[in-house]
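Worksheet: the structure to be examined is printed underneath.
The values are calculated or read from the model by the stated rules, or taken from the named source; none is laboratory data. Keep in mind the model is a prediction, meaning the values are calculated, not measured. Please note: Cβ atoms are built from the backbone with ideal geometry, for glycine as well, and neighbour counts cover all protein chains shown. Accessible surface is based on the protein model in full, side chains and every heavy atom, while ligands, DNA and RNA are left aside. Shrake-Rupley method; radii C 1.70, N 1.55, O 1.52, S 1.80 Å.
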Amino acid sequence: MRERREAVGLSVSGLAAQVGLSRQALSRVESGASVPGTRQALLLARALRCRVEDLFSLGAARVTARILLDAPPGTRVQLADVDGEWRALPLSGEAGLRLVADGVVLASGEVEVPGPLDDARRTALVAGCDPALGLLCTSLGTEARAAWVPRASLEAVQAAARGEVHAAGLHLGSLDRHREVVARDLPGARLLRLWHAEQGLILAPGNPLGVRGPVDLTRGRLVTRPVGAGGRALLDGWLREAGLDAAAREARHAASRLAPSPLEAAVAVARGEADVAPGPRSAAGAYGLAFIPLVVEAFDLAVPERHLAHPGVQALIAAAGSGAFQADLRSLGGYDPAGAAPALLDGL
C-alpha cells in the first residue's frame, strides 16, 4: 500500500483524510499491524487507483503433509492426495530445478502453499527404481500429473501398501514373483505390464578390467543394491554363477558400495569409485558407460484397485501406451514397450 501511495504522490496524511482514517490508523495499516474494514479498503483502492486485491491478500495456506523423503525447512515440494491425505515429494537435484513446486516445507513440518491445489489433487505418485519411470511421468498431458518416487521394487510395493503412493513399479525376475509379492504385500492390486528392459553389468568406458560376465564378479570394486531391489536379486544370482556360496555372496555384498538406485550405481562407476555395477542399459547410457547385457526383465506396475480411476494413474497408463512415449522409451536403449497399451495381467 505504501508503494501505491507514493506512486500516486500522496502523503500519509493526505490519503488518511481521503478515506476517513487518522494518520496513526493509516500508518498501522501500512505496517501490517491492523486490517481496515471493508468500506475503508474500498476507499483506499479508489484513492490509490487500483483493486482491493492489489493492496490486501490472504496469507499463503498451510497443509499438513507426510514428507516422503528427508526435506529440511525451505525445501520445495510437489503435493499429491493419497487416500485423503497429503503426501509431499521433495524436489531436489537438477531435475527438481525444472519442476514447478506446489509449496515449501516450513520449520513446523507443514507445507506452505501459495496457490491453488488443483494440480496436486490430479497428481499420481508412482514408486519404483527403473529410470524410465522419470521419463513416463513427464510424458503426461495437461489434464493430470505424475511424479516419480525412487524406491527399490519391494520398498515400492510396501510404500503403496502404506498409502504413500498410488502405484508401484517392480522388476523381480518373473510374473509369478510379482504376483507373489503383490498378493502378500498389496492384496487386491492389479498388475500391468509396462515394458521389458535389458539388465546387465555397468562398466567403465572401454571396460578396462576386461569383464566378460558373471564369472568376473569376484574381482574389482563392486556396487550392490539394497535388499529388496531387483538389481540386488540379479546380482546375487550372478555371484552364484561366479561360484560364490551363500556366505561368500553375503560377504561380497557387505564389502561392496551400496547404491540406492540404478542411476546412483552408474554414477559411482562414472566417477571411478567402482568398477562394475548391476543395472539397466539406460543407466549405463545416461553416463556414457560400457554395458554387458545379461538378461531381459519385465517391468510391471502394481495399482491398488481404489486408485485405478485416479486421473493421474489413468493419464500414466495412457501415456505408457502412446506411440510418442514408446518411441522415446526405445531411444533410451535396452527397452521394449509392452505393446499398444499396457497389458493388464490376469490371475490376481
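This model, with +1 at the C-beta of Lys and Arg and -1 at the C-beta of Asp and Glu, gives the chain a dipole about its Cα centre of some 980 debye. How many percent of the accessible area of the chain is carbon or sulfur, using a 1.4 Å probe? Roughly 52 percent, rounded to a whole number. Length gained on full extension, A324 to A183, computed as 0.36 nm times the residue gap minus the Cα-Cα distance: 47.5 nm. Distance between the C-alpha centres of the range 210-244 and the range 160-177: 23 Å, rounded to the whole angstrom. Shown here for the range 160-267: trypsin sites (Lys or Arg not before Pro) in loop regions (DSSP other than H, G, I, E, B) with at most 14 other Cβ atoms within 10 Å, namely R162, R212, R219. Find the relative contact order for the range 160-275 and round it to a whole percent, using C-alpha pairs within less than 8 Å whose residues are 6+ positions apart. For the range 160-275, the relative contact order is 27 percent. The residue list A107, A315, G14 was ranked by how far each Cα lies along the charge dipole of the chain toward its positive end, using unit charges on Cβ atoms, and G14 comes out on top. Accessible surface for T38 stands near 110 Å², nearest 10, in the context of the full protein assembly shown (1.4 Å probe).
Maximal additional length on extending the A343-E53 stretch stands at 99.3 nm, based on 0.36 nm per residue less the C-alpha distance. Between V215 and A61, the modelled labels are 6.4 nm apart [label points 7 Å from Cα along Cα→Cβ].
For the chain, what is the accessible area per residue in Å², given a 1.4 Å probe and the full set of protein chains?
About 47 Å² of surface per residue is accessible.
222 nm [θ] for the chain, helices only, -39500 (n - 2.57) per DSSP H run of 4+, per residue, to 500? Here the helix-only value at 222 nm equals -9500 deg cm²/dmol. Measuring nothing but how far apart in sequence close Cα pairs (under 8 Å, 6+ apart) lie, relative to its length, the chain scores a relative contact order of 17 percent. Our note on the geometry: Cα centres of the range 115-151 and the range 69-90, 13 Å apart.
Helix 175-185 sits at what angle to the longest principal axis of the chain, using alpha carbons and giving 0 to 90 degrees rounded to 10? Between the helix axis and the principal axis of the chain, the angle is about 50 degrees. Here the Karplus relation 6.51 cos²θ - 1.76 cosθ + 1.60, evaluated at θ = phi - 60°, turns the backbone of the range 157-166 into coupling constants of 5, 5, 5, 5, 5, 7, x, 8, 9, 8 Hz, with x for every Gly and Pro. Across the range 32-117, C-alpha contacts under 8 Å between residues 6 or more apart give a mean separation that, scaled by the residue count, equals a relative contact order of 28 percent.
Where Lys and Arg each count +1 and Asp and Glu each count -1, what net charge lies around A61 among other residues with Cβ under 15 Å from its Cβ? With Lys, Arg at +1 and Asp, Glu at -1, the neighbours total -4.
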